[in-house]
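The values are calculated or read from the model by the stated rules, or taken from the named source; none is laboratory data. All of these numbers come straight from a predicted model, not from anything done at the bench. Neighbour counts are summed over all protein chains in view; Cβ atoms, including those assigned to glycine, are modelled from backbone coordinates with ideal geometry. Side chains included, ligands, DNA and RNA excluded: accessible areas come from the protein's heavy atoms. Shrake-Rupley method; radii C 1.70, N 1.55, O 1.52, S 1.80 Å.
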Amino acid sequence: MLPAGAFAVVLMLGGAQVMLPAPAFVQQGRVWAPAREVLQRLGYHVRWQPSPRALIATRDSQSLTFPELPPPWPTPTTADEARYVRRLGNLLYLPLLALRALDLRTTWDAGARRVTIRDPAPMPVTLATILNSPAQWLDRTVTLAGEYLGWDAYPFCYATRPGPPVASGDWVLGGADGAIYCTPAPIAATFTRTGLATVQPAGPVLTPYAALGRRISVTGRVALAPSGVPYLRHESVTWVTGRAGVSCELVLNQQARAAGERLGWELVIHNPGPTILVLPQSKEMLVSVAAPGGALYVSKQSLPDETTLRELAPEAEQRLPGAWPIPTDAPAGTYAITVSLAEGLQSMARRFEVVRPVRGEAP
């Protein structure tokens, strides 16, 4: 039974409704919810302390105490004032304002009578973390780093193989452990003081075929497409600079070649700055080609004699030409090629087709 003047609300966490033993409710402008269930869903171990009467929540090295107060209960106005629990029946209720002390925030949807608990600070994670357990990260705010792969569907990951999850302007962020689509998050209109022009969020403008291979950092909320694959509703994009921002884009000269021919490419190394990049003193490139059926061709290719890898100035690039001789017995189908230098300078996989020679012509 709810207190006098209170009304029940729905509590959301991680994009899903939290099932509670009794309803969360709003009373005098404050949201209250069963304390044990909420804290446990947030990853805290909860125990009862009989003397003095309090609820103890611990996670890692953090320990929080929520003393039980008798009525009349004060209406908290700050997170510190909300650090207590009240008893209703056999349950202890916590004012959700106290979650601000846990670096969490709540948003209120008056039309749906729904309260959503969100992470205010983005959590740096890897692509593999999201791709392996998308449901656990639903509606969480994260930061991902990787390479900008443009607007085309990236076929080497289940999350990007089907194509854009929202609209044709969705683009792909990729890395060694997978890829994910990014789509702009809805942004409330804001206005300049001098007129009605909207203020655009800071960050680079990413077009379909410019800056491919550049390393970027993306912050946004994880969402799920109707098919169940994860994507990111991004709120900000920034260039990654320094050694971590060095990119290697593999540009293929052809998209289809016959067995026995040579597949030409350029490996484009870009230094985003702000300092000079000292390149590894390598004399060869490692070429890895995945063939249909699981076969893998691995070979080394010497750099041209006139190529000198020493250093790159900020915003400069080095183009390394190369070619892979396709074996005469290579089966027709879709292949994936990766080219790398020393010290982690490796391209994302690019695909090409090996086709059968036209009958009557030499391969």
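Name the pairs: first residue in segment 51-62 and of a type in the set (D, E, K, R), second residue open to solvent by 100 Å² or more (accessible area, probe 1.4 Å), Cβ to Cβ under 8 Å, at least 6 apart or on different chains? Going by the 8 Å Cβ cut-off, the qualifying pairs are Arg59/His45.
Here Gly220 meets the list (1) modelled with pLDDT of 90 or more; (2) under 17 Å from Ala179 (Cα atoms) almost entirely, failing just condition (1). Within segment 157-186, the residues that satisfy the criterion of being surrounded by fewer than 16 Cβ atoms within 10 Å (Cβ to Cβ), over 26 Å from Gly344 (Cβ atoms) and modelled with pLDDT under 90 are Ala167, Ser168, Gly169, Ala185, Pro186. When the residues of segment 138-155 are filtered to those that are farther than 21 Å from Ser247 by Cβ and open to solvent by less than 30 Å² (accessible area, probe 1.4 Å), which remaining residue is farthest from the chain's Cα centre (by Cα)? Once the filter is applied, the top-ranked residue is Asp139. Kindly evaluate Leu277 against the criterion of being in contact (Cβ under 8 Å) with a residue 24 or more places away in the chain and touching a strand residue (DSSP E or B) at 6+ places or on another chain (Cβ under 8 Å). Judged against the criteria, Leu277 is a match. Among the residues examined, Leu96 does not qualify as open to solvent by less than 60 Å² (accessible area, probe 1.4 Å) and under 30 Å from Ala179 (Cβ atoms).
This table checks each residue for (1) part of a loop (DSSP other than H, G, I, E, B); (2) open to solvent by less than 40 Å² (accessible area, probe 1.4 Å).
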position	(1), (2)
Thr241	yes, no
Gln254	yes, no
Pro272	yes, yes
Ser288	no, yes
Gly293	no, no
Ser299	no, no
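Does Glu68 satisfy being out of contact with any strand residue (DSSP E or B) (no Cβ under 6 Å at 6 or more places or on another chain), more than 22 Å from Arg140 (Cβ to Cβ), surrounded by 12 or more Cβ atoms within 10 Å (Cβ to Cβ) and not β-branched (Val, Ile, Thr)?
Numbers: out of contact with any strand residue (DSSP E or B) (no Cβ under 6 Å at 6 or more places or on another chain): no; more than 22 Å from Arg140 (Cβ to Cβ): yes; surrounded by 12 or more Cβ atoms within 10 Å (Cβ to Cβ): yes; not β-branched (Val, Ile, Thr): yes.
Answer is no for this residue.
Restricting attention to segment 84-99, does a residue exist that is within 29 Å of Leu224 (Cβ to Cβ) and in contact with a Ser or Thr (Cβ under 6 Å, 6 or more places away or on another chain)? Yes. Total residues in segment 11-51 satisfying the condition of being touching a strand residue (DSSP E or B) at 6+ places or on another chain (Cβ under 7 Å), part of a strand (DSSP E or B) and open to solvent by less than 50 Å² (accessible area, probe 1.4 Å): the figure is 12. Consider segment 1-10 and keep the residues that are in contact (Cβ under 8 Å) with a residue 60 or more places away in the chain and part of a loop (DSSP other than H, G, I, E, B). The one that is surrounded by the most Cβ atoms within 10 Å (Cβ to Cβ) is Pro3. Taking the conditions (1) more than 18 Å from Glu266 (Cβ to Cβ); (2) modelled with pLDDT under 90 in turn, Val355 satisfies each one other than (2). The single residue among Thr129, Thr106 that is touching a residue at least 40 places away in the same chain (Cβ under 8 Å) and open to solvent by 30 Å² or more (accessible area, probe 1.4 Å) turns out to be Thr106. All of (1) open to solvent by 20 Å² or more (accessible area, probe 1.4 Å); (2) modelled with pLDDT of 90 or more hold for Leu263 with one exception: (1). State the number of residues belonging to segment 138-172 that are in contact with a Pro (Cβ under 9 Å, 6 or more places away or on another chain), at positive phi and without any contact (Cβ under 8 Å) to a residue 40 or more places away in the chain. Number satisfying all stated conditions: 0.
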